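The structure appears right after this line, and notes come after that.
Since every read-out is calculated from the coordinates, none of them should be taken as a lab result. The shown structure was predicted, so the numbers you read here are calculated from the model rather than taken from an experiment. FYI the Cβ positions are ideal-geometry reconstructions off the backbone, even for glycines, and counts take in every protein chain you see.
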Amino acid sequence: MPVTVHVTPLAKQQVADLRRAHRAAYDQFLSELRSQGCRALGYRLTGDVVEHLCVKHLVRALRVVVAFTAKDEATIVIVGPHDDDDPHNDVYTLLYELAGLERPPQGERTKPPCCGTEDGLPPLADQSLADDLVSRCRDLTRAGGRRAGRRR
C-alpha cells in the first residue's frame, strides 16, 4: 500500500544539510517508506508521548523519526545523529524537547517493531500530537534551527 509522506520544515532543513552518503541513505529510506510503510522503519520508541513514533537507523549514527497519522500517511519529524556524548547534537534530545518532555521517558527502553506484530499496522499518533510536533518543528526552524543538524 503506498504511503503519503509529509516532512516537517525542520526535517526538510536537516535533509538539505546532509552530504552524499547520508543523503543517499535518506533518499533510499524515503522510497522504502513510501512503498512499504511501517515495514521500512526499525522500531517504535517506548515511553509516554514518544510511544507513537518510529525510528530508522540510516548510516552510522544518523536516525530518522517518523509519526504515522494513518496506516497510509506518515510524517518525517526529524533527521539527525544520535550522540549520547553531545546532547546538543542528539536526535533523541531534540525529539524529547519537541515532544514537550522535560527529560527522557523513564524505565526500561525496549525497541518493539514499528509495525504491530498482530495487525501489521504502525502505531498511530493522534492528529493533535502530530500537529503539535509539526508546529514545534516549524517554530524551531523559524528560530534559526539551532540544533537542526550539522553537516555530515
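A few comments on the model shown:
- Share antiparallel - DSSP beta bridges, the range 1-147, percent rounded to 5: 75
- Long hydrophobic helices in the chain: none of the complete DSSP H runs spans 18 Å or more by Cα along its own axis with mean Kyte-Doolittle hydropathy of at least 0.0.
- For the range 47-56, Karplus couplings with θ = phi - 60° (6.51, -1.76, 1.60), whole Hz, Gly/Pro x: x, 3, 6, 6, 5, 9, 10, 10, 10, 10
- By the Cβ-Cβ criterion of under 4.7 Å, the unpaired cysteines of the chain are Cys137.
- Cα→Cβ-extended label distance, 7 Å offset, between Arg23 and Glu102, nm: 4.2
- q = 0.16 Å⁻¹, the chain: log10 I(q)/I(0) [Debye, one scatterer per Cα]: -0.82
- Karplus-based coupling profile of the range 66-71, in residue order and whole Hz: 10, 10, 9, 9, 7, 4, with θ = phi - 60° in 6.51 cos²θ - 1.76 cosθ + 1.60 and x standing for Gly or Pro.
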